[in-house]
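Shown next, in structure tokens, is the structure this report addresses.
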Amino acid sequence: MTAGKILVVDDDSNLLEVIRMRLESAKYDVVTAEREEEALNALKEDVIDMSVIDLQLEKTDGITLMENLHRINPDVPVIILTAYGTIESAVEAMRKGAYSYLTKPFDPRELLFQIDHAMEKRRLTSEVKRLQGLLEEKYDFSNIIARSDKMQKVLANVSLFAKTDSTVFIHGESGTGKELIARAIHLGSGRKEGPFVAINCAAIPENLLESELFGYERGAFTGAVQSTKGLFTQAHEGTLFLDEIGDMPFLLQSKILRVLQDRQVYPLGCKKPVDVDVRIIVATNKDLQKEVEKGNFRQDLFYRVHVIPVNLPPLREKKEDISSLVEHFLEKFGQKMKKKVKGLTPQAMQKLMLHDWPGNVRELENTIEFAMAMTQSNIISEELILQTNIQSPDKFKPFKEAKSAFEKEYLLNLLKLTQGNVSKASDLAGKYRADFYQLLKKYDLKPEEHKK
Ligand SMILES: Nc1ncnc2c1ncn2[C@@H]1O[C@H](COP(=O)(O)OP(=O)(O)OP(=O)(O)O)[C@@H](O)[C@H]1O
Ligand SMILES: [Mg+2]
């Protein structure tokens, strides 16, 4: 790699050659021009990092050339060379945007020194610009519905830290969108061209998890006929999503911790470590702090992964998102099923609003998918919503009604179990026979119907 490309403009070809040799030996790429037109052509063809321009060119002066150059790229630092050393022209050059000036004859070491400085400043300027760009950049979260304040906050935070390489810890009940957010973080990062590799730590048998994660050498164990890359290595230069990290077997936790500390993996049967450059995102629906207290999760690993926490609210705490989510899913399944459904009846919508959503957004998504598949009109009715598994009305029965329903069910089960033997049944319930009879009467239950 070169240290940068420098355009040198001077009508003295001997001086040009001297400067070229000096700069090239300092690892710079050099483009030279004796005339203004040549210089401007060079600018159009090449990306120039900085320029050295003689004040007194054949046709025009160096300041005009500098101004033309800055019209093409205002960030290019320019050092002006002047044979006359008049303070006025130097000051004018500086006022018009020159980085510095040198009086001929000059010490080539001085030129190099100034060039190094200008290049360093340019690197800093572009870094600052890049960082500013990061703050201003809006990510495209178009597939994530976030009308509620809670979700808005989540997305605002995500857009701030997505570009960093910091480990993200996503917590949320099942179906709250943990994987969706993990993918959005990856896509909002500089690693988006790299792979996104996800593994569900709860779904893979313990004895396979290690070889899945770290890979293995040929012959590492029976059946290892071919060396295989682990997920860490597959995610190199991308993102590794460790889902359900709370379910990771305890012994494996210390191995993961080591990888996260050293950024190196040892494939099974391999003595040499392999370097890995991955961004880690973990997710869990457990209270991991509690798991640490219970001794199920290593505290050191908890601290290592709990760097940037993201808490996804359950659907019951962001009900204002429901109607937008419904619209989103109508659109999604409409395309998939090639069906046009306009919306839900107000009664159907109300059912959705009253439901408690233990399965969160996924449950809502499934509900809409089912209703869309079943509907024969372009509007989804309350009946279709009720046919899905959501049972909101029951959940909100008044206490007295719920208690009666429970008692009746309980007594019925006792009668079935004891085949209508009231002594046994009342014993099991811890009730006097007389009281038990009272209860049976209240619910109109007949023991003799259960005798065999
Ligand atoms: N805010 C949202 N906007 C749009 N779709 C969402 C949103 N949140 C979740 N979903 C959708 O809901 C479904 C479940 O989301 P996801 O799989 O990311 O949840 P999860 O928290 O990982 O669930 P689990 O704990 O069961 O693994 C997905 O189809 C996802 O696209
Ligand atoms: Mg998930």
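Worth a mention:
- Evaluation of Asp277 against the conditions (1) part of a loop (DSSP other than H, G, I, E, B); (2) outside the structural domain of Ala224 (by TED's automatic domain parsing); (3) under 22 Å from the mean Cα position of the chain (by Cα) shows that the sole unmet condition is (2).
- Residue count, the stretch 132-173 (criterion: within 16 Å of ligand 2 (Cβ to nearest atom) and at pLDDT below 90): 1
- Residue within the stretch 40-55 that is among the basic types (Lys, Arg), modelled with pLDDT of 90 or more and either at negative phi or in the same structural domain as His70 (by TED's automatic domain parsing) (or both) present: no
- When the stretch 400-433 is limited to residues that are touching a Pro at 6+ places or on another chain (Cβ under 8 Å) and in a loop (DSSP other than H, G, I, E, B), the one that is least open to solvent (accessible area, probe 1.4 Å) turns out to be Gly420.
- Tally, over the stretch 143-189, of residues that are outside any helix (DSSP H, G or I), more than 7 Å from ligand 1 (Cβ to nearest atom) and small (Gly, Ala, Ser): 5
- Selection within the stretch 22-60 - within 16 Å of Ala98 (Cβ to Cβ), open to solvent by less than 60 Å² (accessible area, probe 1.4 Å) and outside any helix (DSSP H, G or I): Ile48, Asp49, Met50, Ser51, Val52, Ile53, Asp54, Leu55, Leu57, Thr60
- Subset of the stretch 195-217 (residues that are over 25 Å from Phe250 (Cβ atoms) and modelled with pLDDT under 90): Glu217
- Residue match in the stretch 194-202 (condition: touching a strand residue (DSSP E or B) at 6+ places or on another chain (Cβ under 6 Å), surrounded by fewer than 16 Cβ atoms within 10 Å (Cβ to Cβ) and either within 20 Å of Thr284 (Cβ to Cβ) or assigned by TED's automatic domain parsing to the domain that holds Asn366 (or both)): yes
- Hey, Ala220 in contact (Cβ under 8 Å) with a residue 40 or more places away in the chain, open to solvent by 20 Å² or more (accessible area, probe 1.4 Å), within 18 Å of Val305 (Cα to Cα) and not in a helix (DSSP H, G or I) or not: no
- In the stretch 312-327, the residues that are of a type in the set (Gly, Ala, Ser) form Cβ pairs under 6 Å with partners that are more than 9 Å from ligand 1 (Cβ to nearest atom), at six or more places apart or across chains, as follows: Ser324/Arg147.
- Among the residues listed as Leu288, Leu252, Leu312, Leu352, the single one being at negative phi, away from ligand 1 (no atom under 16 Å from the Cβ) and surrounded by 13 or more Cβ atoms within 10 Å (Cβ to Cβ): Leu252
- Checking every residue in the stretch 362-378 against the condition of being more than 30 Å from Tyr443 (Cα to Cα), polar (S, T, N, Q), in contact with a Gly (Cβ under 6 Å, 6 or more places away or on another chain) and not in a loop (DSSP other than H, G, I, E, B) gives zero matches.
- Subset of the stretch 174-193 (residues that are more than 16 Å from ligand 2 (Cβ to nearest atom), free of Cβ contacts under 8 Å to residues at least 60 places away in the same chain and surrounded by 19 or more Cβ atoms within 10 Å (Cβ to Cβ)): Gly188
- Among the residues of the stretch 83-123, just one is acidic (Asp, Glu) and part of a loop (DSSP other than H, G, I, E, B), namely Asp107.
- Odd one out for Asn14, checked against (1) part of a strand (DSSP E or B); (2) surrounded by fewer than 16 Cβ atoms within 10 Å (Cβ to Cβ); (3) polar (S, T, N, Q): (1)
The values are calculated or read from the model by the stated rules, or taken from the named source; none is laboratory data. Bear in mind that the values here come from a model prediction, so they are computed numbers and not experimental data. No Cβ is skipped: glycine too gets one built from the backbone with ideal geometry, and neighbour counts run over all protein chains shown. Side chains included, ligands, DNA and RNA excluded: accessible areas come from the protein's heavy atoms. Shrake-Rupley method; radii C 1.70, N 1.55, O 1.52, S 1.80 Å.
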